[in-house]
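Down below is the structure, laid out as C-alpha cells.
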Amino acid sequence: MKIKKVVCSAGRSGFYFDDQMAIKHGALNDGFDYIGETELEGFTAVRQAGESISVNFILEDGQIATGDCAAVQYSGAGGRDPLFLAETFLPMIEQELIPLYQDREITTFREMAAELENLLIDNKRLHTAIRYGFSQAILDAVAKSNKQMICETVAQEYGTEISEKLIPIFTQSGDDRYINADKMIIKRVPILPHALINNVKSKLGENGELLKEYLKWLVQRINDLSRSPEYKPIIQLDVYGTFGELFGIKNHQAIVDYLADLVEICEPYKLHIEGPIDGISREECMYNLAKITELVNRKKLDVVLVADEWCNTLEDIKLFAEHQAGHMIQIKTPDLGGLNNTIEAVLYCKKHGVKAYVGGTCNETDISARICMQVAMAVCPAQVLAKPGMGVDEAYMIAFNEMQRILAIRATKKTE
C-alpha cells in the first residue's frame, strides 16, 4: 500500500514551553506565568504556549495515519534540541519531507523509521520533534496497512509479547500539587504526584524541610482519601537536580542521608525520586547518579532513583543503563526522536537490569500520547506517563482508556 498524500498543519500541544534555566535561577511565578529574563536560545518569554505539527498520511485505501511532532516542556535544556516552533519548522517539512513521503510505498516500521532517523537536511539530522511525529505516522501507516493495532505491529516486528494487564500510570500534578494530588488519590492512580520540585528556595527548603512537610501531608492525604487499605500508590517526585544544589553536587552521602529521611516519612508507601542530582555534562550527571545509586544500594535503602536530566537520546540511555546510573530510566519519548529509539531503549534497559519508564512530557498531544501507550503495551516497561497536560484527569483518561481498549480488543480476538 502507498501513502497517497501528506497533509501537515500547525497545532497546539498539551502544555507550555518553559525556560528551565531561567526558572532554576529565580524567575518568579506571576499567576500561571513567570516573570524573569530568558536564558535559553529561542525563548521570548520564560513560559510560552506549546506548539506541535500534525502529520497526516492519507493512504491509498482512504485510511488516515497520524502522528504529532512535539517537544518537551523544557526544550533546549540538559542537552536537548532547541525550542520547537511550528512557524520555524513547517516550511522545511513542506519543502523537504512531504515530497519524500507522497506516493511512497509502505514497507516495515523498522525500515522506514531507520531511514527517517538517518535522514540529513543540509547535513543536519532532523529535529527530534520532527522525527518523533513522522515516526508515529509511519508506525500508524504500517499498522493500518496490515490491519493491525499499533501494539501488534510493534510486537510482530520486535519479537515481543503484548502486556496482558495495565502498565502502572504515573500522573503529574504541576505546581498545583495539593488539589491535583487529591484528584489522583480519588481516581486511585498507581504512581503520584510528580510535584514539580524545581526550585530549592520555594519548593525544597533551605534544609529540605518544605519537601518533608509536603510528603507528610501527602501520606496523610492518601490515608484519608484512599477509601481502601488495598490502595498502595507509589510516591514519585521529580526534583530536577535540586538535592545536588542543596547539599552540594559532590556531597553524595548527605543526599543519601536525606533520601533515608524521605523514605521513612513515606512509609508504608514506596518512594521514587527522579533526578536527585544533575551536572554540567552528561558524564558528570551520570557519575553523580551512579554514585548515589551505589550508596543507596549499599545502605539497602528502599528508594528507586530515576534518571532524567542529560539522559535524552538512545545513546545516553544505553550509557546510563550500562553504568547503573539510577534504578530506573525515564525514556522521554520526544527527546529520542523516532519511536524506534523508544522501543530499543526499553528493550536495552530491561536487558541490563534497569527499569524502563516510558515517559515524555506534559507538552505532547493526545495523538502522541495514545501511540505511546500502544508502544508501551508492546514492550512492557515498568511504568508509563499520563500525558499531555498537568490537569491529571485528561491525561490519565487518555493513558488508561487506550490501554483498556487494547486489552478488551485482544480479549475479543482470542475468543473468535
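FYI, it's all coordinate maths here, none of it is from the lab. These numbers were taken from a predicted model, which means no experiment stands behind them. Note that we place each Cβ from the backbone using ideal geometry, even for glycine, and neighbour counts take in every protein chain shown.
Taking each residue as 0.36 nm, the span from E87 to Q324 lengthens on full extension beyond its C-alpha to C-alpha distance by 81.3 nm.
Dipole of the chain computed with +1 at Lys/Arg Cβ and -1 at Asp/Glu Cβ about the Cα centre; of P82, G159, G36, farthest Cα towards the positive end is G159. Computed from the C-beta positions of R405 and E94 and an R0 of 30 Å, the FRET efficiency is 0.35 to the nearest 0.05. With a Förster radius of 30 Å applied to the beta-carbon distance between I64 and K165, the computed FRET efficiency rounds to 0.45.
When the listed pairs K201/K291; K24/K212; K124/K183; K201/K318; K350/K387 are checked against a 32 Å cut-off, the alpha-carbon distance exceeds it for K124/K183; K201/K318. Rounded to the nearest 20 debye, the dipole magnitude of the chain is 1340 debye, with +1 charges on Lys and Arg beta carbons, -1 on Asp and Glu beta carbons, and the Cα centre as origin.
The residues E157, E41, when put in order of fewest to most other Cβ atoms within 10 Å, stand as E41, E157. Amide H contacts for F170 (H built 1.01 Å from N in the peptide plane; partners 5 or more residues away or on another chain; cut-off under 5 Å): V384, L385, A386.
Summarising the label geometry, the points placed 7 Å from Cα in the beta-carbon direction at K414 and E315 lie 4.2 nm from one another.
Each Lys or Arg adds one and each Asp or Glu subtracts one; over the other residues with Cβ under 11 Å from the Cβ of D278, this totals -2. As a rough footprinting exposure proxy, the listed residues K187, K216 were ranked by other beta carbons within 10 Å of their own, and the order from fewest upward is K216, K187. Toward the positive end of the charge dipole of the chain, with +1 on the Cβ of Lys and Arg and -1 on the Cβ of Asp and Glu, the farthest Cα among F15, I186, T365 is that of I186. At q = 0.16, 0.19, 0.29 Å⁻¹ the log10 of I(q)/I(0) for region 10-76 amounts to -0.59, -0.72, -1.22, computed by Debye summation with a single uniform scatterer per C-alpha, solvent ignored.
Spatial offset of region 150-173 relative to region 327-385 amounts to 9 Å, using the alpha carbon center of each. Taking the DSSP bridge list for the chain and keeping only pairs wholly inside it, about 50 percent are antiparallel. Of the chymotrypsin sites (Phe, Trp or Tyr not before Pro) found in region 28-58, those in coil by DSSP whose Cβ has at most 11 other Cβ atoms within 10 Å are F32. Here the relative contact order of region 1-117, from alpha carbon pairs under 8 Å that lie six or more residues apart, stands at 35 percent. Taking all Cα pairs closer than 8 Å and separated by 6 or more residues, the relative contact order of the chain comes to 18 percent. Taking every Cα-Cα distance in the chain and sorting them into 10 Å bins starting at zero, the pair-distance distribution P(r) comes out as 5, 23, 33, 26, 11, 3, 0 percent. Give the distance, in whole Å, between the Cα centre of region 1-72 and the Cα centre of region 184-209. Answer, in whole Å: 25. Extending 7 Å from the Cα toward the beta-carbon at both Q102 and K147 defines two label points whose distance is 3.0 nm.
Modelled label positions at V7 and D182, each set 7 Å beyond Cα in the direction of Cβ, lie 4.3 nm from each other.
Database remark: amide H of R104 closer than 5 angstrom to the amide H of I3 (H placed geometrically; neighbours at sequence offset of 5 or more, or on other chains; Pro and chain starts carry no H). With K and R counted +1 and D and E -1, the other residues having a Cβ less than 14 Å from that of G391 yield a net charge of -3. Stretching the chain fully between E284 and D257 yields a gain of 7.6 nm (0.36 nm per residue, less the alpha carbon separation). How many angstrom separate the Cα center of region 241-284 from the Cα center of region 101-136? Comparing the Cα centres of region 241-284 and region 101-136, I get a distance of 38 Å.
Helical content of the chain, expressed as a calculated mean residue ellipticity at 222 nm, amounts to -13000 deg cm²/dmol (DSSP H runs of 4 or more residues, -39,500 (n - 2.57) each, divided by residue number, nearest 500). Build a GNM of the chain with springs between Cα atoms under 10 Å apart, and of I179, I106, I255 the one that fluctuates most is I179.
The charge dipole of region 169-415, taken about its Cα centre with unit charges on the Cβ of Lys, Arg, Asp and Glu (plus for the first two, minus for the last two), comes to roughly 1060 debye. Applying the criteria of a DSSP loop state and at most 16 other Cβ atoms within 10 Å to the trypsin sites (Lys or Arg not before Pro) of region 272-318 yields K300. Sequence-ordered 3J(HN,Hα) estimates for region 168-176 from the Karplus curve with 6.51, -1.76 and 1.60 and θ = phi - 60° stand at x, 9, 9, 10, 10, 8, x, 5, 7 Hz, glycine and proline given as x.
Of the residues T128, T342, the one with the fewest other Cβ atoms within 10 Å heads the list, and the complete ranking is T128, T342.
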